[in-house]
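Chemist: This structure is in structure tokens; I'll ask about it shortly.
Computed from the coordinates by the stated procedures, all read-outs in this text should not be read as laboratory data. Bear in mind the structure is a predicted one, so any value in this text is a computation, not a measurement. Reconstructed Cβ throughout: ideal geometry from the backbone, glycine too, with neighbour counts over all protein chains shown.
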């Protein structure tokens, strides 16, 4: 719909419109910003502030950029402190000596399956290394160095004190405090350094520490071997007395019990005594006699049974030869004669007679032999009985003696133990000597300390680096702390995550002292940012831009009025007819210089809309000033007349932009938001508190406002995201608006050329 005719101008001069709220601010993304689903509906949750701030790299970069002057100041303080410290610090000289640790070798005894010999058992023992490092830094070694070098007499070290003991203690503390010990990695080499203000003293003391350390170790090892010798001498003397005493007790007991030992067996059995030896001999003889008796008895019994009658007589042998000869002859003649032949009968008779003689002779011989065997058997049995009686007697004596040998064996073991201990101590005493006690030195000097050619401290560049790093860290920590303490809305993420509103645009800070000059320049970054916001507002609903848009803020001076005018101007650039209503009837932003024209007058009178709007020199832009300040603005806004006015205005114009008062503390904006179709919050980046913005948003939602989003004024995208848009367009056209100051820093006046009609 086309623009309406406006009332006649009361004066030929331009109308003055005052915009309160300061400069508009920066914008990064110039594209359209779609609404989040349900974010602007009146029924959506107001919610509380959700702390979504995290220390990510973009956030740290934004904090560093935003607080760059604080961080640079902290770095400067760090550099100044480092420089001052360097200038005030005295020169320090460091002398270094190098020692090689030699762990002592120990004797490893040969075992079965292993090789014996001397092995370095402490080479891999960390305890040895730690012990030596502790000795190098000990108080005792420092006192010895102070005594060896007579440092107690050096006034440069101990001062002018006369107490020798106190001076020595002070010198020892000086040595111990300046000595530094460091083990070189993967080695047995130790670096000993000493720091002093005098290079000569530094070299002298570090060499004195090395010499005293080696000498102390040698003395300690000699003292330990000397103590071992003294200890062994005392133990040998004691053991010798115990051995003599035990031998005397053993001898006295053996004499008293009449015990005679015949051997040196270690088990101390019955065979060591004389009775035991006799028993063994008799038992052996008994066994031999018993065997002889058994053999004689067997021969006797065989002879008694006649088992050897044909061969036991020597006289029967010729007769057996004659019988064999005659028997041969008989067999030969039997071939020619009959057995009953007289000659054969006679030969047979002779053979029988000889056989009878052999039998008689054999019987006689067997009888004699049986008598002899009986005598041998009886003699062997008698000897066995005698020996058995003797063995039985000695067995009783041995059993009786065994009870007496128990105490004897106890005393003998005591003697053996004392003798073994005495021999071992005596052998160990022979092995310990002066040379064996000293052995190889625990440490040896590789490089002696030289007089340093220059001071190693203070180091200017290192101190400056440390000061700069500490200043940077301190500055960053302070900036992060201030950033989190300063609970304000600073970035689009805060708008989305904390306020739960769509971010519709970021308005950059004006580059000049006259922000209206940039607003009238369509190629400036400020004008482009507002144009981007106006474009984004066209997508907040299906019908395009809201017909009635309330522009308000949490508190004064956030750029609300400037933003309302800039958005109205941007809508005209998009080809829309726009009416800008100054609804802040407490502190009007637009002053036209016309009387009886404005919002307060149309709400209190019966005038028409066309009588209270003024056409500016911008095509498509009309302004309705606030008019005379009424006694109670909320009553006028809450009247049905105001709702009817908005309905009439939205019917005649494409977009009606309402510049409302701040939200907190006033009832005007909640009432306006309940009537307007859409509400846009203007938030000053880095100044508006989160709690205040949330409270203002809650008040609007309670009133039924439809929140379409928020914009950030004085927004610096470089500090929020690390990049931003920059434009290089020229500004060659003549100004369409003039910006003047009335002397009040909080007030900005916009002079617009108003026309009397269409």
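Chemist: At a 10 Å Cβ-Cβ cut-off, how would you order 535, 553, 632, fewest neighbours first? The partial results should precede the final answer.
Modeler: Working: 535 20, 553 30, 632 10.
Ranked by crowding around the Cβ, least crowded first: 632, 535, 553.
Chemist: When the Cα centres of the stretch 137-182 and the stretch 443-474 are compared, how far apart do they sit, in Å?
Modeler: If you average the Cα positions of each part, the centres end up 24 Å apart.
Chemist: State the extension gain, in nm to one decimal, for the chain segment bounded by residue 126 and residue 80, taking 0.36 nm per residue of separation less the distance between their alpha-carbons.
Modeler: Details: separation 46, 0.36 × 46 = 16.56 nm, distance 4.47 nm.
Extra length from residue 126 to residue 80 when fully extended: 12.1 nm.
Chemist: Based only on other Cβ atoms within 10 Å, what is the fewest-to-most ordering of 497, 340? Each step should come with its number before you reach the end.
Modeler: Details: 497 15, 340 7.
With the fewest neighbours first, 497, 340 line up as 340, 497.
Chemist: Between residue 327 and residue 215, 0.36 nm times their residue separation minus their Cα-Cα distance comes to what?
Modeler: Working: separation 112, 0.36 × 112 = 40.32 nm, distance 12.15 nm.
Separation in residues times 0.36 nm, less the Cα-Cα distance, equals 28.2 nm.
Chemist: Quick one: if the Förster radius is 51 Å, what FRET efficiency do residue 413 and residue 441 give, using the C-beta to C-beta distance and rounding to 0.05?
Modeler: Values: r = 46 Å, r/R0 = 0.90.
That gives a FRET efficiency of 0.65.
Chemist: Shifting gears a bit: Take the Cβ-Cβ distance between residue 184 and residue 57 as r, set R0 to 35 Å, and report the resulting FRET efficiency rounded to the nearest 0.05.
Modeler: Numbers: r = 40 Å, r/R0 = 1.14.
Here the calculated transfer efficiency is 0.30.
Chemist: What's the exposure ranking of 204, 333, going from fewest to most Cβ atoms within 10 Å?
Modeler: Numbers: 204 20, 333 14.
The most exposed by this proxy come first: 333, 204.
Chemist: Using a basic spin-label model with each label point 7 Å from the Cα along Cα→Cβ, how many nm lie between residue 389 and residue 689?
Modeler: For residue 389 paired with residue 689, the spin-label model returns 13.4 nm.
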